[in-house]
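One structure is given below, encoded as structure tokens.
The values are calculated or read from the model by the stated rules, or taken from the named source; none is laboratory data. Since the structure is predicted, the reported quantities are computational estimates derived from the model, not experimental observations. Cβ placement follows ideal geometry from the backbone for every residue including glycine, while neighbour counts extend to all protein chains displayed.
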Amino acid sequence: MSIDYTLTPIGIVRSYLKRLEDAPKQGHEGAPDAWIELDAAYTAGLEGVKVGSEIIVITWLHQASRDMLQVHPRGNKNLPLTGVFGTRSPHRPNPLGIHRVKVLAIEGTRLKVGPLEALDGTPVVDIKSAMPRDRDA
């Protein structure tokens, strides 16, 4: 089953996080706010996005390994090897990152969002409106 697909980035992350070892594992673990710079061709796609709303940012984790199928969860060698599909590891055949963030500011084609654990220069491949969180959880 080998079908090729093409993803076209719509923007890029601008963050002070420059190295993998500087980034928290998840956004809620101390990730900073960051900017998403959209390509001007996608400006109309921002219609309806408002400051204060939550969005899902889908990134291409360009520094991740694509040949790993098992990892020690959270990089902890004391934990048993686990299949990547049962983890949130960035290292996987198609290294898509999924980040639920809050829109903090909108300046033209730039969105300030947070918290975002993606590195500076990470390609953004899509943005989606976030579904409301389950209030009973």
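For Glu117, work out the one condition from (1) surrounded by 16 or more Cβ atoms within 10 Å (Cβ to Cβ); (2) touching a strand residue (DSSP E or B) at 6+ places or on another chain (Cβ under 6 Å) it doesn't fulfil.
The failed condition is (2).
Quickly run through segment 7-22 and pick out the residues that are out of contact with any Pro (no Cβ under 7 Å at 6 or more places or on another chain) and within 19 Å of Lys128 (Cβ to Cβ).
Scanning segment 7-22 gives Leu7, Thr8, Ile10, Gly11, Val13.
Considering Arg135, Arg92, Arg88, which residue is surrounded by fewer than 12 Cβ atoms within 10 Å (Cβ to Cβ), of a type in the set (Lys, Arg) and modelled with pLDDT under 95?
On the way: Arg92 fails: surrounded by fewer than 12 Cβ atoms within 10 Å (Cβ to Cβ); Arg88 fails: surrounded by fewer than 12 Cβ atoms within 10 Å (Cβ to Cβ).
Result: Arg135 is the single residue among Arg135, Arg92, Arg88 that is surrounded by fewer than 12 Cβ atoms within 10 Å (Cβ to Cβ), of a type in the set (Lys, Arg) and modelled with pLDDT under 95.
Which of the residues belonging to segment 34-43 are at pLDDT 95 or above and not in a strand (DSSP E or B)? Can you show your working first?
To start, the set of residues in segment 34-43 that are at pLDDT 95 or above comprises 34-42.
Result: Asp39, Ala40, Ala41, Tyr42.
May I ask you to list the residues in segment 57-101 that are among the aliphatic types (A, V, I, L, M) and in a strand (DSSP E or B)?
Taking segment 57-101 first, the residues among the aliphatic types (A, V, I, L, M) are 57-58, 61, 64, 68-69, 71, 79, 81, 84, 96, 98, 101.
Residues satisfying the conditions are Val57, Ile58, Val71, Leu96, Ile98, Val101.
Output the residues belonging to segment 109-137 that are closer than 18 Å to Ser15 by Cα and assigned to a loop (DSSP other than H, G, I, E, B).
Of the residues in segment 109-137, the ones closer than 18 Å to Ser15 by Cα are 109-127.
Within segment 109-137, Thr109, Pro115, Leu116, Glu117, Ala118, Leu119, Asp120, Gly121, Thr122 qualify.
Among the residues of segment 89-137, how many are over 13 Å from the mean Cα position of the chain (by Cα) and basic (Lys, Arg)?
5
Only one residue in Lys50, Lys77 is basic (Lys, Arg), at pLDDT below 95 and either in contact with a Gly (Cβ under 7 Å, 6 or more places away or on another chain) or surrounded by fewer than 12 Cβ atoms within 10 Å (Cβ to Cβ) (or both), so which one is that? Let's see the steps before the verdict.
Details: Lys50 fails: at pLDDT below 95.
After ruling out the rest, the residue left standing is Lys77.
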